[in-house]
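Before I ask anything, let me first share the structure, which is written out below as C-alpha coordinates.
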Amino acid sequence: MSVSINKKLTEIKVLRDPVHEYIRISDEVIWNLIDTKEFQRLRRIHQLGGTYQVYHGAEHSRFSHSLGVYEISRRMVEEVKGLKENLTVFEQISLKCAALLHDVGHGPFSHAFESVTNTNHEIMSIEIILGETQINQVLKSYDPKLPSAVASIINHQHPKKLLTQLVSAQMDADRMDYLLRDSFFTGVSYGHFDLERVLRTLLIHNDRVVVKESGINAVEDYIMARYQMYWQVYYHPVSRSFEIMLTNMFRAIKDVYQVDPEHIKLLTPFFIPFINGKVVSVEDHLNLDEPTCYYGFKTLSKNPKYKTLQDLARRLLDRDLFKYVDYDETIKEKLEKLLLQQGYDSKYYLGSDSMRQRPYIPYRLNNEDNLISILLRDGTVAEITKVSPIVEAMADAKLKEDNKIFSIKEIFDEL
Ligand code: NI
(Lines give C-alpha, C1' and ligand atoms only; values in the text may rest on other atoms or scores of the structure.)
Protein backbone atom coordinates (compact mmCIF):
# COMPACT_ATOMS: atom_id res chain seq x y z
CA MET A 1 0.00 0.00 0.00
CA SER A 2 1.51 3.34 -0.92
CA VAL A 3 1.22 6.40 1.26
CA SER A 4 -0.87 9.25 -0.14
CA ILE A 5 1.38 11.28 -2.40
CA ASN A 6 0.01 14.45 -0.89
CA LYS A 7 0.73 13.45 2.70
CA LYS A 8 1.76 16.48 4.72
CA LEU A 9 4.20 16.65 7.61
CA THR A 10 2.58 17.29 10.97
CA GLU A 11 4.32 20.64 11.03
CA ILE A 12 5.97 22.63 8.24
CA LYS A 13 9.76 22.28 8.30
CA VAL A 14 11.54 25.57 7.81
CA LEU A 15 15.21 25.60 6.85
CA ARG A 16 17.26 28.80 7.05
CA ASP A 17 18.80 29.74 3.75
CA PRO A 18 20.97 32.76 2.95
CA VAL A 19 19.40 33.23 -0.50
CA HIS A 20 15.70 32.55 0.06
CA GLU A 21 15.71 33.29 3.77
CA TYR A 22 13.59 30.20 4.39
CA ILE A 23 13.01 26.94 2.58
CA ARG A 24 9.60 25.57 3.48
CA ILE A 25 8.78 21.91 3.37
CA SER A 26 5.33 20.55 4.05
CA ASP A 27 5.25 17.48 1.77
CA GLU A 28 6.41 14.35 3.54
CA VAL A 29 7.90 12.92 0.33
CA ILE A 30 10.27 15.92 -0.03
CA TRP A 31 11.42 15.61 3.56
CA ASN A 32 12.08 11.89 3.13
CA LEU A 33 14.02 12.47 -0.10
CA ILE A 34 16.31 14.96 1.65
CA ASP A 35 17.07 12.27 4.22
CA THR A 36 18.30 9.72 1.67
CA LYS A 37 22.00 8.98 1.50
CA GLU A 38 22.15 9.86 -2.19
CA PHE A 39 20.83 13.34 -1.51
CA GLN A 40 22.99 13.85 1.58
CA ARG A 41 26.03 13.05 -0.58
CA LEU A 42 25.46 16.35 -2.40
CA ARG A 43 26.80 18.10 0.70
CA ARG A 44 30.19 16.72 -0.35
CA ILE A 45 30.15 18.13 -3.90
CA HIS A 46 30.88 21.81 -4.47
CA GLN A 47 28.26 23.62 -6.51
CA LEU A 48 30.93 25.45 -8.49
CA GLY A 49 33.70 22.87 -8.78
CA GLY A 50 37.01 24.72 -8.48
CA THR A 51 35.64 28.27 -8.41
CA TYR A 52 36.47 28.51 -4.70
CA GLN A 53 40.11 28.66 -5.85
CA VAL A 54 39.28 32.15 -7.15
CA TYR A 55 36.40 33.30 -4.95
CA HIS A 56 37.18 31.79 -1.59
CA GLY A 57 33.58 32.13 -0.43
CA ALA A 58 32.28 29.78 -3.12
CA GLU A 59 32.26 26.78 -0.80
CA HIS A 60 28.54 26.14 -1.21
CA SER A 61 27.42 22.67 -2.18
CA ARG A 62 25.05 21.05 -4.63
CA PHE A 63 22.97 20.24 -1.54
CA SER A 64 22.10 23.87 -0.81
CA HIS A 65 21.52 24.66 -4.50
CA SER A 66 19.16 21.69 -4.82
CA LEU A 67 17.15 22.86 -1.81
CA GLY A 68 17.00 26.32 -3.39
CA VAL A 69 15.70 24.99 -6.70
CA TYR A 70 13.07 23.04 -4.79
CA GLU A 71 12.03 26.21 -2.94
CA ILE A 72 11.64 28.20 -6.17
CA SER A 73 9.58 25.37 -7.69
CA ARG A 74 7.41 25.27 -4.57
CA ARG A 75 6.85 29.00 -4.81
CA MET A 76 6.05 28.69 -8.52
CA VAL A 77 3.33 26.15 -7.74
CA GLU A 78 1.88 28.44 -5.07
CA GLU A 79 2.42 31.83 -6.70
CA VAL A 80 2.57 31.64 -10.49
CA LYS A 81 -0.88 32.52 -11.73
CA GLY A 82 -2.66 29.63 -13.36
CA LEU A 83 -0.06 27.01 -12.50
CA LYS A 84 -1.77 25.12 -9.68
CA GLU A 85 -5.00 24.99 -11.65
CA ASN A 86 -3.11 23.51 -14.62
CA LEU A 87 -1.49 20.70 -12.65
CA THR A 88 -2.86 17.66 -10.88
CA VAL A 89 -1.63 17.02 -7.34
CA PHE A 90 0.53 14.21 -8.73
CA GLU A 91 2.12 16.65 -11.21
CA GLN A 92 2.70 19.29 -8.54
CA ILE A 93 4.57 16.79 -6.39
CA SER A 94 6.46 15.42 -9.41
CA LEU A 95 7.60 18.94 -10.26
CA LYS A 96 8.88 19.64 -6.75
CA CYS A 97 10.67 16.28 -6.57
CA ALA A 98 12.28 16.89 -9.98
CA ALA A 99 13.47 20.33 -8.85
CA LEU A 100 14.98 18.83 -5.70
CA LEU A 101 16.65 15.93 -7.52
CA HIS A 102 17.73 17.53 -10.81
CA ASP A 103 21.45 17.56 -9.87
CA VAL A 104 21.61 14.35 -7.83
CA GLY A 105 23.85 12.63 -10.38
CA HIS A 106 26.67 15.16 -10.20
CA GLY A 107 30.09 13.78 -9.50
CA PRO A 108 33.09 15.54 -7.98
CA PHE A 109 34.40 18.54 -9.96
CA SER A 110 31.76 17.78 -12.58
CA HIS A 111 33.23 19.03 -15.82
CA ALA A 112 36.88 18.08 -15.44
CA PHE A 113 35.87 14.68 -14.20
CA GLU A 114 33.28 13.97 -16.87
CA SER A 115 35.65 14.88 -19.70
CA VAL A 116 38.10 12.14 -18.70
CA THR A 117 35.79 9.44 -17.39
CA ASN A 118 32.87 9.36 -19.83
CA THR A 119 30.34 9.83 -17.06
CA ASN A 120 27.42 12.18 -17.51
CA HIS A 121 25.58 13.73 -14.59
CA GLU A 122 22.25 13.93 -16.38
CA ILE A 123 22.23 10.25 -17.26
CA MET A 124 23.41 9.43 -13.73
CA SER A 125 20.61 11.49 -12.15
CA ILE A 126 18.06 9.43 -14.09
CA GLU A 127 19.76 6.16 -13.11
CA ILE A 128 19.73 7.16 -9.45
CA ILE A 129 16.03 8.00 -9.60
CA LEU A 130 15.08 4.79 -11.43
CA GLY A 131 17.69 2.42 -9.95
CA GLU A 132 18.06 0.55 -6.69
CA THR A 133 18.56 3.53 -4.42
CA GLN A 134 16.97 5.02 -1.33
CA ILE A 135 15.64 7.83 -3.52
CA ASN A 136 13.84 5.34 -5.73
CA GLN A 137 12.42 3.57 -2.65
CA VAL A 138 11.05 6.81 -1.22
CA LEU A 139 9.47 7.90 -4.51
CA LYS A 140 7.92 4.47 -5.12
CA SER A 141 6.47 4.32 -1.63
CA TYR A 142 4.23 7.28 -2.52
CA ASP A 143 3.31 6.14 -6.02
CA PRO A 144 4.85 3.45 -8.23
CA LYS A 145 4.66 5.89 -11.15
CA LEU A 146 6.45 8.71 -9.34
CA PRO A 147 10.07 7.74 -10.17
CA SER A 148 9.44 7.68 -13.93
CA ALA A 149 7.40 10.90 -13.81
CA VAL A 150 10.24 12.70 -11.98
CA ALA A 151 12.86 11.28 -14.35
CA SER A 152 10.90 12.35 -17.41
CA ILE A 153 10.73 15.95 -16.18
CA ILE A 154 14.50 15.98 -15.65
CA ASN A 155 15.34 14.46 -19.04
CA HIS A 156 12.82 16.62 -20.91
CA GLN A 157 10.63 13.70 -21.95
CA HIS A 158 7.53 14.58 -19.94
CA PRO A 159 4.51 15.04 -22.21
CA LYS A 160 3.49 18.12 -20.25
CA LYS A 161 6.14 20.57 -21.53
CA LEU A 162 5.16 23.11 -18.91
CA LEU A 163 6.80 20.98 -16.22
CA THR A 164 10.19 20.71 -17.93
CA GLN A 165 10.02 24.40 -18.78
CA LEU A 166 9.81 25.25 -15.09
CA VAL A 167 12.75 23.07 -14.08
CA SER A 168 15.07 23.72 -17.00
CA ALA A 169 14.60 26.15 -19.85
CA GLN A 170 15.42 29.85 -20.24
CA MET A 171 13.76 31.08 -17.07
CA ASP A 172 13.69 28.11 -14.80
CA ALA A 173 14.00 27.31 -11.12
CA ASP A 174 17.50 25.86 -11.63
CA ARG A 175 19.06 28.96 -13.20
CA MET A 176 17.21 31.36 -10.96
CA ASP A 177 18.63 29.67 -7.89
CA TYR A 178 22.18 29.23 -9.12
CA LEU A 179 22.54 32.83 -10.29
CA LEU A 180 21.43 34.18 -6.92
CA ARG A 181 23.28 31.57 -4.90
CA ASP A 182 26.56 31.71 -6.83
CA SER A 183 26.54 35.48 -6.69
CA PHE A 184 25.87 35.44 -2.93
CA PHE A 185 28.65 32.97 -2.14
CA THR A 186 31.26 34.39 -4.52
CA GLY A 187 30.50 37.87 -3.25
CA VAL A 188 30.15 39.38 -6.73
CA SER A 189 27.21 41.66 -7.32
CA TYR A 190 26.45 40.61 -10.91
CA GLY A 191 24.10 37.66 -10.50
CA HIS A 192 21.39 39.62 -8.73
CA PHE A 193 18.01 40.03 -10.30
CA ASP A 194 14.57 40.62 -8.92
CA LEU A 195 13.28 37.12 -8.18
CA GLU A 196 10.14 38.45 -6.47
CA ARG A 197 9.25 40.50 -9.53
CA VAL A 198 9.96 37.62 -11.91
CA LEU A 199 7.73 35.25 -9.94
CA ARG A 200 5.01 37.86 -9.80
CA THR A 201 5.01 38.45 -13.56
CA LEU A 202 5.15 34.79 -14.68
CA LEU A 203 1.86 33.20 -15.65
CA ILE A 204 0.49 30.23 -17.52
CA HIS A 205 -1.02 30.94 -20.93
CA ASN A 206 -2.09 28.15 -23.32
CA ASP A 207 -0.14 25.57 -21.29
CA ARG A 208 3.08 27.56 -21.55
CA VAL A 209 5.01 29.73 -19.11
CA VAL A 210 4.91 33.36 -20.24
CA VAL A 211 5.89 36.69 -18.73
CA LYS A 212 3.50 39.60 -18.45
CA GLU A 213 4.54 42.66 -20.45
CA SER A 214 5.12 44.56 -17.22
CA GLY A 215 7.81 42.02 -16.32
CA ILE A 216 10.09 42.80 -19.30
CA ASN A 217 12.58 44.83 -17.26
CA ALA A 218 12.91 42.10 -14.68
CA VAL A 219 13.59 39.61 -17.48
CA GLU A 220 16.18 41.90 -19.10
CA ASP A 221 17.91 42.18 -15.76
CA TYR A 222 17.89 38.40 -15.35
CA ILE A 223 19.43 37.84 -18.81
CA MET A 224 22.09 40.45 -18.10
CA ALA A 225 22.83 38.86 -14.71
CA ARG A 226 23.36 35.55 -16.42
CA TYR A 227 25.68 37.00 -19.06
CA GLN A 228 27.87 38.73 -16.52
CA MET A 229 28.05 35.77 -14.18
CA TYR A 230 29.46 33.71 -17.04
CA TRP A 231 32.41 36.00 -17.63
CA GLN A 232 33.01 37.04 -14.06
CA VAL A 233 32.57 33.67 -12.36
CA TYR A 234 31.86 30.58 -14.46
CA TYR A 235 34.50 31.28 -17.13
CA HIS A 236 37.10 32.78 -14.82
CA PRO A 237 40.52 31.70 -16.12
CA VAL A 238 41.76 30.63 -12.68
CA SER A 239 38.93 28.13 -12.20
CA ARG A 240 39.55 26.95 -15.75
CA SER A 241 43.19 26.43 -14.80
CA PHE A 242 42.13 24.29 -11.84
CA GLU A 243 39.81 22.28 -14.10
CA ILE A 244 42.53 21.68 -16.67
CA MET A 245 44.86 20.48 -13.92
CA LEU A 246 42.19 18.09 -12.66
CA THR A 247 41.64 16.81 -16.19
CA ASN A 248 45.39 16.24 -16.59
CA MET A 249 45.56 14.62 -13.16
CA PHE A 250 42.81 12.12 -14.00
CA ARG A 251 44.46 11.49 -17.37
CA ALA A 252 47.75 10.74 -15.60
CA ILE A 253 46.02 8.35 -13.17
CA LYS A 254 44.37 6.61 -16.11
CA ASP A 255 47.70 6.24 -17.94
CA VAL A 256 49.52 4.85 -14.90
CA TYR A 257 46.67 2.39 -14.45
CA GLN A 258 47.31 1.06 -17.99
CA VAL A 259 50.93 0.17 -17.22
CA ASP A 260 50.81 -0.47 -13.48
CA PRO A 261 47.25 -1.25 -12.32
CA GLU A 262 48.51 -2.58 -8.97
CA HIS A 263 49.84 0.85 -8.05
CA ILE A 264 46.45 2.52 -8.47
CA LYS A 265 44.67 -0.44 -6.88
CA LEU A 266 46.85 -0.06 -3.84
CA LEU A 267 46.76 3.72 -3.46
CA THR A 268 43.47 4.96 -4.92
CA PRO A 269 41.15 2.00 -5.68
CA PHE A 270 38.08 4.31 -5.71
CA PHE A 271 39.25 5.88 -9.01
CA ILE A 272 39.41 2.55 -10.84
CA PRO A 273 35.73 2.19 -11.89
CA PHE A 274 36.11 5.54 -13.68
CA ILE A 275 39.30 4.74 -15.60
CA ASN A 276 39.06 1.05 -16.49
CA GLY A 277 36.91 1.66 -19.56
CA LYS A 278 33.88 -0.17 -18.16
CA VAL A 279 30.45 1.34 -17.63
CA VAL A 280 30.35 3.16 -14.27
CA SER A 281 27.72 1.71 -11.93
CA VAL A 282 25.45 3.90 -9.83
CA GLU A 283 27.04 2.47 -6.71
CA ASP A 284 30.60 3.33 -7.76
CA HIS A 285 29.49 6.76 -8.86
CA LEU A 286 27.82 7.51 -5.53
CA ASN A 287 30.88 6.28 -3.72
CA LEU A 288 33.06 9.04 -5.12
CA ASP A 289 32.80 12.54 -3.71
CA GLU A 290 35.24 15.44 -3.43
CA PRO A 291 36.71 14.51 0.00
CA THR A 292 37.51 11.07 -1.44
CA CYS A 293 39.24 12.67 -4.44
CA TYR A 294 41.30 14.91 -2.16
CA TYR A 295 42.23 11.93 -0.05
CA GLY A 296 43.38 10.31 -3.31
CA PHE A 297 45.47 13.34 -4.29
CA LYS A 298 47.03 13.43 -0.83
CA THR A 299 48.00 9.76 -1.04
CA LEU A 300 49.47 10.21 -4.52
CA SER A 301 51.41 13.30 -3.43
CA LYS A 302 53.20 11.20 -0.80
CA ASN A 303 54.25 8.43 -3.15
CA PRO A 304 57.37 9.03 -5.26
CA LYS A 305 57.02 6.10 -7.67
CA TYR A 306 55.41 8.18 -10.43
CA LYS A 307 56.82 11.70 -10.42
CA THR A 308 54.06 13.21 -12.56
CA LEU A 309 51.29 11.88 -10.34
CA GLN A 310 53.10 13.03 -7.25
CA ASP A 311 53.83 16.46 -8.65
CA LEU A 312 50.36 17.17 -10.10
CA ALA A 313 48.71 16.03 -6.87
CA ARG A 314 50.98 18.30 -4.87
CA ARG A 315 50.18 21.25 -7.13
CA LEU A 316 46.44 20.67 -6.78
CA LEU A 317 46.65 20.47 -2.99
CA ASP A 318 48.87 23.54 -2.65
CA ARG A 319 46.97 25.58 -5.24
CA ASP A 320 50.10 25.83 -7.31
CA LEU A 321 47.94 26.37 -10.37
CA PHE A 322 48.84 26.58 -14.04
CA LYS A 323 49.44 30.06 -15.40
CA TYR A 324 47.76 31.12 -18.62
CA VAL A 325 47.91 33.42 -21.64
CA ASP A 326 45.68 33.96 -24.66
CA TYR A 327 45.92 31.04 -27.00
CA ASP A 328 48.45 31.34 -29.77
CA GLU A 329 49.98 28.57 -31.91
CA THR A 330 53.53 29.91 -31.66
CA ILE A 331 53.32 30.26 -27.88
CA LYS A 332 51.98 26.74 -27.71
CA GLU A 333 54.96 25.43 -29.69
CA LYS A 334 57.40 27.34 -27.48
CA LEU A 335 55.77 26.00 -24.33
CA GLU A 336 55.91 22.45 -25.66
CA LYS A 337 59.59 22.82 -26.46
CA LEU A 338 60.42 24.25 -23.06
CA LEU A 339 58.45 21.54 -21.28
CA LEU A 340 60.33 18.88 -23.21
CA GLN A 341 63.69 20.50 -22.42
CA GLN A 342 62.92 20.54 -18.72
CA GLY A 343 61.64 16.98 -18.62
CA TYR A 344 57.89 17.62 -18.34
CA ASP A 345 55.40 15.71 -20.49
CA SER A 346 53.12 18.23 -22.22
CA LYS A 347 50.30 15.67 -22.11
CA TYR A 348 50.03 16.45 -18.39
CA TYR A 349 51.60 19.89 -18.12
CA LEU A 350 49.87 21.78 -20.89
CA GLY A 351 46.23 22.45 -21.64
CA SER A 352 44.04 24.79 -23.60
CA ASP A 353 40.38 25.64 -23.72
CA SER A 354 37.93 27.76 -25.58
CA MET A 355 35.03 29.62 -23.99
CA ARG A 356 32.40 31.22 -26.12
CA GLN A 357 29.12 32.83 -25.40
CA ARG A 358 26.54 34.99 -27.04
CA PRO A 359 24.86 37.31 -24.55
CA TYR A 360 21.45 35.87 -25.38
CA ILE A 361 20.59 32.92 -27.59
CA PRO A 362 17.06 33.31 -28.84
CA TYR A 363 14.55 30.84 -30.12
CA ARG A 364 16.14 30.18 -33.48
CA LEU A 365 18.83 28.08 -31.84
CA ASN A 366 16.51 26.48 -29.37
CA ASN A 367 13.21 24.74 -29.55
CA GLU A 368 9.94 26.45 -28.94
CA ASP A 369 9.68 25.39 -25.30
CA ASN A 370 12.94 27.05 -24.54
CA LEU A 371 12.16 30.63 -25.51
CA ILE A 372 11.07 33.50 -23.33
CA SER A 373 7.56 34.54 -24.31
CA ILE A 374 5.97 37.81 -23.37
CA LEU A 375 2.21 38.16 -23.04
CA LEU A 376 1.46 41.62 -24.41
CA ARG A 377 -1.33 43.84 -23.17
CA ASP A 378 -3.32 43.20 -26.35
CA GLY A 379 -3.37 39.48 -25.55
CA THR A 380 -0.83 38.37 -28.16
CA VAL A 381 2.38 36.53 -27.33
CA ALA A 382 5.79 37.64 -28.59
CA GLU A 383 9.28 36.25 -28.21
CA ILE A 384 11.33 38.57 -26.02
CA THR A 385 13.76 39.80 -28.71
CA LYS A 386 10.75 41.19 -30.59
CA VAL A 387 9.70 43.42 -27.72
CA SER A 388 12.90 44.22 -25.85
CA PRO A 389 15.47 46.27 -27.80
CA ILE A 390 18.11 45.37 -25.22
CA VAL A 391 17.62 41.63 -25.52
CA GLU A 392 17.41 42.00 -29.31
CA ALA A 393 20.80 43.73 -29.30
CA MET A 394 22.20 41.02 -27.03
CA ALA A 395 20.96 38.31 -29.37
CA ASP A 396 22.60 40.04 -32.34
CA ALA A 397 25.84 40.79 -30.52
CA LYS A 398 28.85 39.01 -31.82
CA LEU A 399 30.02 35.88 -30.15
CA LYS A 400 32.36 36.61 -27.26
CA GLU A 401 35.27 34.22 -27.19
CA ASP A 402 38.14 33.52 -24.88
CA ASN A 403 40.79 30.96 -25.76
CA LYS A 404 43.59 30.31 -23.33
CA ILE A 405 46.60 28.12 -22.99
CA PHE A 406 47.75 26.87 -19.58
CA SER A 407 50.98 25.48 -18.17
CA ILE A 408 53.17 25.55 -15.06
CA LYS A 409 54.63 28.86 -13.98
CA GLU A 410 58.23 27.58 -14.17
CA ILE A 411 57.80 27.30 -17.95
CA PHE A 412 56.08 30.65 -18.39
CA ASP A 413 59.00 32.28 -16.57
CA GLU A 414 61.24 31.02 -19.38
CA LEU A 415 59.10 32.39 -22.20
NI1 NI B 1 21.27 22.83 -10.93
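The values are calculated or read from the model by the stated rules, or taken from the named source; none is laboratory data. A quick note: this is a predicted structure, and the numbers were derived from the prediction, not measured. Glycine also receives a Cβ, built like all others from the backbone with ideal geometry; neighbour counts cover every protein chain displayed. The accessibility values were calculated without ligands, DNA or RNA, using every heavy atom of the protein model including side chains. Shrake-Rupley method; radii C 1.70, N 1.55, O 1.52, S 1.80 Å.
Out of L100, L309, L338, any idea which swings most in a Gaussian network model of the chain, alpha carbons joined below 10 Å?
It is L338.
OK, next. Which of the lysines could a cross-linker span from K334 if the Cα-Cα distance has to be under 18 Å and same-chain partners fewer than 8 positions apart are dropped?
Straight-line reach from K334, under 18 Å: K323, K347, K404, K409.
Rounded to two decimals, what ratio of Rg to Rh does region 237-321 give with C-alpha atoms and a Kirkwood Rh? Intermediate values should be presented prior to the final figure.
Details: Rg = 12.5 Å, Rh = 13.1 Å.
My calculation puts Rg/Rh at 0.95.
Run the 1.4 Å probe and let me know the accessible area of V80, rounded to the nearest 10 Å².
Here the accessible area works out near 10 Å².
Oh, and also: Hand me the tally of lysine pairs in region 237-321: alpha carbons under 20 angstrom apart, and the pair either on different chains or 8 or more positions apart.
So the count of such lysine pairs works out to 12.
Take the Cα of R314, step 7 Å along the line toward its Cβ, and report every residue of region 256-274 whose backbone nitrogen sits under 14 Å from that point.
It comes to no residues whatsoever.
Tell me, what is the per residue accessible area of region 8-235 in Å², probe radius 1.4 Å?
On the way: 8700 Å² over 228 residues.
Spelled out: the 1.4 Å probe surface of region 8-235, per residue, equals 38 Å².
With labels modelled as points extended 7 Å from the Cα through the Cβ direction, what inter-label distance (nm, one decimal) is found for K305 paired with T380?
7.2
Select from D35, D345, D378 the residue whose mean-square fluctuation is largest in a Gaussian network model of the chain (Cα-Cα springs shorter than 10 Å).
Of D35, D345, D378, the most mobile in the Gaussian network model is D378.
While we're looking at this one, here's another question. Rounded to the nearest 20 debye, what is the charge dipole size of region 237-321 about its Cα centre when +1 sits on each Lys and Arg Cβ and -1 on each Asp and Glu Cβ? It would help to have the intermediate numbers written out before the result.
Numbers: 12 positive and 11 negative charges, 57 e Å.
The calculation lands at about 280 debye.
Also, quick follow-up: At a threshold of 8 angstrom on Cα-Cα distance, excluding pairs fewer than six apart, so keeping six or more, what relative contact order does the chain reach in percent?
Details: 625 pairs, mean separation 66.6, N = 415.
In percent, rounded to a whole number, it is 16.
Ignoring ligands, DNA and RNA, please state the percent of accessible area on the chain from carbon and sulfur, probe 1.4 Å.
About 49 percent, which is the carbon plus sulfur part of the accessible surface.
Here's another thing I want to ask about it. Provide H121, H111 ordered by accessible surface of protein heavy atoms (probe 1.4 Å), highest first.
Numbers: H121 30, H111 110 Å².
Order by accessible area, largest first: H111, H121.
Determine the relative contact order of region 8-235: mean sequence separation of Cα pairs under 8 Å and six or more apart, normalised by residue count, in whole percent. The partial results should precede the final answer.
On the way: 314 pairs, mean separation 45.1, N = 228.
So the answer I get is 20 percent.
Further question: Which lysines, on any chain, are close to K386 with Cα under 30 Å apart, when same-chain ones fewer than 8 places away are left out?
Here the lysines satisfying the reach criterion relative to K386 are K81, K84, K160, K161, K212, K398, K400.
Relative contact order of region 317-415, please, whole-number percent, based on alpha carbon pairs below 8 angstrom and at least 6 residues apart.
Values: 112 pairs, mean separation 45.6, N = 99.
That works out to 46 percent.
Tally Lys and Arg at +1 and Asp and Glu at -1 over the other residues with C-beta under 10 Å from the C-beta of G68: what net charge comes out? Show your work: numbers first, answer last.
Numbers: positive: R181; negative: D17, E71, D174, D177.
Here the count lands on -3.
Could I ask something else about it? Any chance you could give the angle, 0 to 90 degrees and rounded to 10, that helix 307-318 forms with the longest Cα principal axis of the chain?
50
So what's the gap between the Cα centers of region 324-348 and region 263-310, to the nearest angstrom?
27
Can you tell which of M245, M76, M355 shows the greatest fluctuation in a Gaussian network model of the chain with Cα springs below 10 Å?
Answer for the Gaussian network model of the chain: M355.
Sticking with this structure for a sec: Run through the DSSP bridge list for the chain and note the antiparallel percent, rounded to the nearest 5.
Working: 26 of 29 bridges.
In the chain, DSSP labels about 90 percent of beta bridges as antiparallel.
In square angstrom, rounded to the nearest 10, how much accessible surface does E78 have for a 1.4 Å probe?
Near enough 100 Å² of accessible area.
Using square roots of five times the C-alpha gyration tensor eigenvalues, list the equivalent-ellipsoid semi-axes of region 8-235 in whole Å, biggest first.
Values: eigenvalues 122, 111, 54 Å².
Whole-Å semi-axes of the equivalent ellipsoid: 25, 24, 16.
With a 1.4 Å probe and all protein chains left in place, how much accessible area per residue does region 263-415 have, in Å²?
Spelled out: the 1.4 Å probe surface of region 263-415, per residue, equals 55 Å².
Which percent of Cα-Cα pairs in the chain sits in each 10 Å bin, short to long?
Per 10 Å bin, starting at 0, the Cα pair percentages come out as 4, 20, 28, 25, 15, 6, 1, 0.
Using the scaling law 2.2 N^0.38 Å as the reference, what is the normalised Cα Rg of region 305-349?
Values: Rg = 11.9 Å, N = 45, 2.2 N^0.38 = 9.3 Å.
Cα Rg divided by the expected 2.2 N^0.38 Å: 1.27.
Rounded to the nearest 500 deg cm²/dmol, what is the calculated helix-only ellipticity per residue at 222 nm for the chain, with -39500 (n - 2.57) per DSSP H run of length n ≥ 4?
-15500 deg cm²/dmol
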